[in-house]
1. Can you tell which of ASP92, ASP163, ASP15 shows the greatest fluctuation in a Gaussian network model of the chain with Cα springs below 10 Å?
2. Count charges around LYS155 for me, please; just the other residues with Cβ under 14 Å from its Cβ, Lys/Arg as +1, Asp/Glu as -1.
3. Counting only heavy atoms of protein chains, what accessible area per residue, in Å², does the chain have with a probe of 1.4 Å?
4. Loop only by DSSP, 11 or fewer other Cβ within 10 Å of the Cβ. Give me the trypsin sites (Lys or Arg not before Pro) in the stretch 37-122 that pass, ordered by residue number.
5. Computed from these coordinates, which is Cα Rg over 2.2 N^0.38 Å: (i) 1.15; (ii) 1.05; (iii) 1.09?
6. Where the accessible area of the stretch 1-145 is counted over protein heavy atoms with a 1.4 Å probe, how much of it, in %, is carbon and sulfur?
7. What FRET efficiency comes out for the pair ASP118/GLU84, r = Cβ-Cβ distance, R0 = 25 Å, nearest 0.05?
8. With +1 assigned to the C-beta of every Lys and Arg and -1 to the C-beta of every Asp and Glu, and no other charges, what is the dipole magnitude of the stretch 77-180 about the Cα centre in debye, to the nearest 20?
Amino acid sequence: VKQFIYQRIIAPFEDEETAYSLRLRVGGGILLFGPPGTGKTLIARAISREIHANFVEVSPLVIAGYPGEAEKRLEKIFASLRKEPRAVLFLDEAEWILGRREEQTSSIMQRVVPFLLDQLNRVFRERKRQIIVVAATNRPDAIDSAFLRPGRFDKLCYIGLPDMEARRKLIELQLRERAH
């Protein structure tokens, strides 16, 4: 996972000239998926730290409230992103925000999904600002296929459970400064 993230996301930021000469996109979207508790949010934060970018998190709470409020909140978030030269936009529990339109029963979500598609398209087309959009879910099957098209969330990365050696290392890190 680290190697995939480095090659696809971080390396183009480190050598932008080479990335542009090779016509690699600096920025873009990546969908992290896997069981709950495997560190998807931590990976998004680590990407932000590695590329020295502002971290902006969007949770399902953004879509709560009265009709029109979700769109206003999202517009405010995307307006602030347009002011950032480099940012990581993190969509947590993406199945709630990027859900399949045909399964939406809420009138709010029927308006939010197209609005979000439009806003993300603007971000992905932007070449001056380097914005990475990271979505995390444990239900990739619930994501609307329009979000998974090339040029949007076209990088998919499975974040699985850690193996025995990784679990041992995690326990060592947690117990490092504790008596045990």
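1. Between ASP92, ASP163, ASP15, it is ASP163 that shows the largest mean-square fluctuation.
2. Neighbour charge sum, excluding LYS155 itself: +4.
3. Here the residues of the chain average 59 Å² of exposed surface.
4. Here the sparse-neighbourhood loop sites are LYS83.
5. Correct label, based on the coordinates given: (iii).
6. 52
7. 0.85
8. Charge dipole, the stretch 77-180, about its Cα centre: 600 debye, nearest 20.
The values are calculated or read from the model by the stated rules, or taken from the named source; none is laboratory data. Keep in mind it's a predicted model, so treat the numbers as computed, not measured. Virtual Cβ from ideal backbone geometry, glycine too; neighbours counted across all protein chains shown. Side chains included, ligands, DNA and RNA excluded: accessible areas come from the protein's heavy atoms. Shrake-Rupley method; radii C 1.70, N 1.55, O 1.52, S 1.80 Å.
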